[in-house]
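A short write-up of the structure that comes next.
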Amino acid sequence: MRRTTIPFGPQHPVLPEPLVLDLILEDEKVIDAIPTIGYIHRGLEMMVERVEYTEMGFVVERICGICSFMHGMGYCVSLESIMNVEVPERAGWLRLIWAEISRIQSHLLWLGLGADAFGFENLFMHCWRMREQILDIFEKTTGGRIIHSVNRIGGVKRDISDSELAAILVQLQELGEAFKTTARVFGTDPSIAHRLGGVGVLSMEDARAVDAVGPMARASGIATDTRLIGANFYDRIELEPVTETAGDCLARVVVRLREIDQSIDIVRQAIEKMPKGEGLPLENKPRGNPNGEVFTRLEQPRGEVLYYVKANGTKNLERFRARTPTFANIPAMIKLVKGCDLADVPNIILTIDPCISCTER
Amino acid sequence: MSFFSRSPWILHYDGSSCNGCDIEVLACLTPLYDVERFGVLNTGNPKHADILLVTGSVNERNIEIVENLYRQMPDPKVVVAVGACACSGGIFARAYNIQGGIDKVIPVDVYVPGCAARPESIIDGVVQGIAALEAKRKKTA
């Protein structure tokens, strides 16, 4: 049979970002997919040579506009451990709360984009309508909708008052209740089950073999979650990784639906356990220049992110590297795309929740 | 062609941005802002588009794609540069492979500032783009 090559991207309606895949088809079946990257590469590893470490945090936040808070947090946590700065307790808890709220934001965003990819535009609108409420919380507490810049090396820039935190929790819980109606559509609508059920199945063995991370791995039954290592106050939170066993596109949707509820619960626990009061210290300023190297792991909405920072005692870092979750999930995506129908390609690509600007940095 | 002059079709492309502005462009379509009520429609096809919304500071690899999309759009056409990176390179201006703004690659008509640009200012940019489109149409007519 003759083979056809279909270029997918860089400009493609299903994704706002330039992902490039050369899909090699036999009839309607995809037999191979060759990814090309580099369209959003900005060279952060080289930028550390030109930008001082104190300013670099703001650049790192702009690796990606969706998980920008957690990128900033990862950078600051890395430098704090190099410079032996202890973060004040309230600042650490505030980081955790913002991180979980940004996970809710990211999942709502993704559920919308996913719904748009399988042609359910109404659902896309509903998810993004709810996401705007989360962005309002961000705007109120940090001043920015997308890029927050509240992380500093040694703490956070702003406090959230206790009464405001209580109001945020009420707002999140109401949103969680209201979201149940939308979540039910994802879970019960026959057209969604037909479109996503049994499509792009990643078995548990395959998920281990290709080293899937985050919701991708959890949808295949692997109970992996970097939050379980307990850093950044997560050891004080009770949490059970959300897992599903089917490993198909629908399971990956369900994992993210359930993680929204989980994150709301984590915010509740954090608000209960954090030290209360006005005027508590939020920042321990670091002294001098960093010297040393460190690996930091965080659980981003898309999975585990790994930062490697090496400093040499000068104002500029020697190395900065981020291995982002999408990069780790690309082998899984290629594995799933091989052998699927052409019509399923957008859904499979979207269910790994690709963030190309994270991947290429 | 005055009957469709107030209903521009938009093509959005991510020219090496961090995603922040792209998400805000998408947010313009969703219920809180809902630009479709003004007749603004997001299309995936450059040959249907009147206004090109480009975000990001454009790296070496993306030059060709941005130029290609611009060439494929029918005249008259307007380019709106969305966000600080698209206007000047923004925080990434010091990166080694960054062109430093869309206007280094294709002519830009409207600049929308902000990092990330807010949906309100993106909508404002599109509205100014409509005026620019009208002016260009009069010139060619």
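The values are calculated or read from the model by the stated rules, or taken from the named source; none is laboratory data. Small disclaimer: the values here were computed from a predicted structure and weren't measured. Note that each Cβ is placed from the backbone with ideal geometry, even for glycine, and that neighbours are counted across all protein chains shown.
Among A:311, A:328, A:332, which is the only one that is within 28 Å of residue A:293 (Cα to Cα), in a helix (DSSP H, G or I) and aliphatic (A, V, I, L, M)? Please lay out each step first, then the result.
Details: A:311 fails: in a helix (DSSP H, G or I); A:332 fails: within 28 Å of residue A:293 (Cα to Cα).
Result: A:328 is the single residue among A:311, A:328, A:332 that is within 28 Å of residue A:293 (Cα to Cα), in a helix (DSSP H, G or I) and aliphatic (A, V, I, L, M).
Whether any residue in segment A:53-65 is closer than 26 Å to residue A:173 by Cα, outside any helix (DSSP H, G or I) and touching a strand residue (DSSP E or B) at 6+ places or on another chain (Cβ under 9 Å) is what I want to check. Please lay out each step first, then the result.
First, the residues of segment A:53-65 that are closer than 26 Å to residue A:173 by Cα: A:65.
Those still in the list that are outside any helix (DSSP H, G or I) too: A:65.
Narrowing further to those that are touching a strand residue (DSSP E or B) at 6+ places or on another chain (Cβ under 9 Å): none.
No, that holds for no residue.
Name the single residue that is surrounded by the fewest Cβ atoms within 10 Å (Cβ to Cβ) among those in segment A:310-361 being of a type in the set (Ser, Thr, Tyr) and free of Cβ contacts under 8 Å to residues at least 40 places away in the same chain.
Here is the first cut: in segment A:310-361, the residues of a type in the set (Ser, Thr, Tyr) are A:314, A:324, A:326, A:351, A:357, A:359.
This time we only want the ones that are free of Cβ contacts under 8 Å to residues at least 40 places away in the same chain, so: A:314, A:326.
On the way: A:314: 12, A:326: 25.
It comes out as A:314.
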Practice problem: Identify the residue in segment B:39-54 that is surrounded by 15 or more Cβ atoms within 10 Å (Cβ to Cβ) and more than 9 Å from chain A (Cβ to nearest Cβ) and, among all such residues, is nearest to the chain's Cα centre (by Cα). | Solution: B:53
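Look through segment A:43-54, keep the residues that are of a type in the set (D, E, K, R) and more than 8 Å from chain B (Cβ to nearest Cβ), and return whichever of them is nearest to residue A:200 (Cα to Cα). Spell out how you get there, then give the answer.
Step one: list which residues in segment A:43-54 are of a type in the set (D, E, K, R), which gives A:45, A:49-50, A:52.
Now narrow it down to the ones that are more than 8 Å from chain B (Cβ to nearest Cβ): A:45, A:49, A:52.
Working: A:45: 34, A:49: 42, A:52: 44 Å.
So, considering only residues that are of a type in the set (D, E, K, R) and more than 8 Å from chain B (Cβ to nearest Cβ), the one nearest to residue A:200 (Cα to Cα) is A:45.
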Quiz item: Which of the residues belonging to segment B:69-98 are under 14 Å from the mean Cα position of the chain (by Cα) and at the interface with another protein chain (Cβ under 8 Å from one of its Cβ atoms)?
Solution: B:69
Practice problem: Mind listing whichever residues of segment A:1-37 are more than 14 Å from every other protein chain (Cβ to nearest Cβ) and either basic (Lys, Arg) or without any contact (Cβ under 8 Å) to a residue 60 or more places away in the chain (or both)? | Solution: A:1, A:2, A:3, A:4, A:5, A:22, A:24, A:26, A:27, A:29, A:34
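For segment A:131-160: of the residues being within 10 Å of chain B (Cβ to nearest Cβ) and not acidic (Asp, Glu), which is nearest to residue A:52 (Cα to Cα)?
Restricting attention to segment A:131-160, the residues satisfying the condition of being within 10 Å of chain B (Cβ to nearest Cβ) are A:131-133, A:135-136, A:139, A:144-147, A:149.
Cutting the leftovers down to not acidic (Asp, Glu) gives us A:131, A:133, A:135, A:144-147, A:149.
Working: A:131: 34, A:133: 35, A:135: 30, A:144: 23, A:145: 26, A:146: 23, A:147: 20, A:149: 16 Å.
My answer is A:149.
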Practice problem: State whether one or more residues within segment B:14-23 are modelled with pLDDT of 85 or more, surrounded by 19 or more Cβ atoms within 10 Å (Cβ to Cβ), under 13 Å from the mean Cα position of the chain (by Cα) and more than 8 Å from chain A (Cβ to nearest Cβ). | Solution: no
Quiz item: Looking at A:40, A:63, which is the one that is under 23 Å from residue A:361 (Cα atoms), within 14 Å of chain B (Cβ to nearest Cβ) and out of contact with any Leu (no Cβ under 8 Å at 6 or more places or on another chain)?
Solution: A:40
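Please state which one of A:325, A:346 is under 25 Å from residue B:56 (Cα atoms), of a type outside the set (A, V, I, L, M, F, W, C) and over 15 Å from the mean Cα position of the chain (by Cα). Explain how you work it out, then say what you get.
On the way: A:325 fails: over 15 Å from the mean Cα position of the chain (by Cα).
On inspection, the qualifying residue turns out to be A:346.
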Self-check item: Residue list for segment B:55-68, filter: surrounded by 18 or more Cβ atoms within 10 Å (Cβ to Cβ), more than 9 Å from every other protein chain (Cβ to nearest Cβ) and more than 14 Å from the chain's Cα centre (by Cα)
Solution: none
